[in-house]
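Okay, so here's the structure we're looking at.
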Amino acid sequence: MSPDKTGRLVILSGPSCVGKSPLYKSLGKFYPELHAKLQKLVLFNSRAPRPGELDGVDYHFRTRAQVDALRADHRYAVLEARDDLQALGIEELESLLRRGDVFFEGNPYVGRALQMHPRLAEVKRLSIFLSPLSKDEIAYLKTPERNVALNELLTDIMRRKLLRRTRRQKGDLSAKDLENVETRASSAYRELREAWHFQYVIPNHDGEDSDHWEAFYYLIGDARKTLDAFVALLKGSIPPGVEQWEEDLLPPMHLI
């Protein structure tokens, strides 16, 4: 595709429960014209729908075998996403881009695949990573005198968010629910190490478990700041508080 004939691919990634979904929903509520210009990219996913999710709107929900079978079709890219398989329809994305801007919200590994896929090499991109910690907080916590294991701390932060979200959605949690929470929480540190590949990082402490997104008509706390930053980036400016991370900000797991 010629880049001057295509829309822009907007990529919003971050760990599970960091606030990607309520951010996109809030964009539609408070900035409907901006929201309407973003065609949502709907991927195939092997996991079951969460409460409130709709087939064909949030994902194309299929069995793992059905998603895995798409590997044999050159029109799809099949991607590992934690315990799930996801598949991207390349031709569908190219078709959407010919009509305007396209929005992807999801797993950082899928976000990275969208950055690196050879058939998308000439596509204009805006890549944004939502982080539950700021660069300054990470620098503070990783100094030797703090004696903090960053991977364990981040796992605990995301475990608490995920537990609150899942209890809100389901009430009592099954053993499968708890296993899923642990998988997603323990993946967060590795996913945060992907953040430096993204153009911009928005620190956001109000994850999907936070009341700040919906308890009141207007957003408060980090939810409001995150929406304001996201809107500014969509409009082409870089607001205060938006960060760019270095590759060595978070050490590899084996060095912790």
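The values are calculated or read from the model by the stated rules, or taken from the named source; none is laboratory data. From a predicted model like this one, the values you see are computed outputs, not experimental measurements. Cβ sites come from the backbone with ideal geometry, for glycine too, and all protein chains shown count toward neighbours.
Points worth noting:
- Residue tally, condition of a type outside the set (Asp, Glu), surrounded by fewer than 23 Cβ atoms within 10 Å (Cβ to Cβ) and touching a residue at least 60 places away in the same chain (Cβ under 8 Å), over the range 120-132: 7
- Failed item in (1) modelled with pLDDT under 95; (2) closer than 24 Å to Ala185 by Cα; (3) within 17 Å of the chain's Cα centre (by Cα); (4) surrounded by fewer than 17 Cβ atoms within 10 Å (Cβ to Cβ), with Gly52 passing the rest: (3)
- Of Asp228, Asp177, all but one fail to be more than 19 Å from Pro15 (Cα to Cα), not hydrophobic (A, V, I, L, M, F, W, C) and not in a loop (DSSP other than H, G, I, E, B); the exception is Asp228.
- Residues that are modelled with pLDDT of 95 or more, assigned to a strand (DSSP E or B) and out of contact with any strand residue (DSSP E or B) (no Cβ under 6 Å at 6 or more places or on another chain), drawn from the range 102-156: none
- Which numbered condition Lys161 fails, given (1) under 25 Å from Ser237 (Cβ atoms); (2) part of a helix (DSSP H, G or I): (1)
- Here the range 68-100 is the region considered, the condition is being of a type outside the set (Gly, Ala, Ser) and closer than 20 Å to Arg184 by Cα, and the residue that is surrounded by the most Cβ atoms within 10 Å (Cβ to Cβ) is Gln86.
- Residue that is nearest to Lys176 (Cα to Cα) [pool: residues in the range 47-102 that are in contact (Cβ under 8 Å) with a residue 12 or more places away in the chain and of a type in the set (Ser, Thr, Tyr)]: Thr63
- When the range 168-206 is filtered for residues that are more than 24 Å from Arg125 (Cα to Cα) and of a type in the set (Val, Ile, Thr), the ones remaining, listed by number, are Val181, Thr183.
- Unique match (being within 21 Å of Lys135 (Cα to Cα) and among the aromatic types (Phe, Trp, Tyr)) among Tyr217, Tyr200: Tyr200
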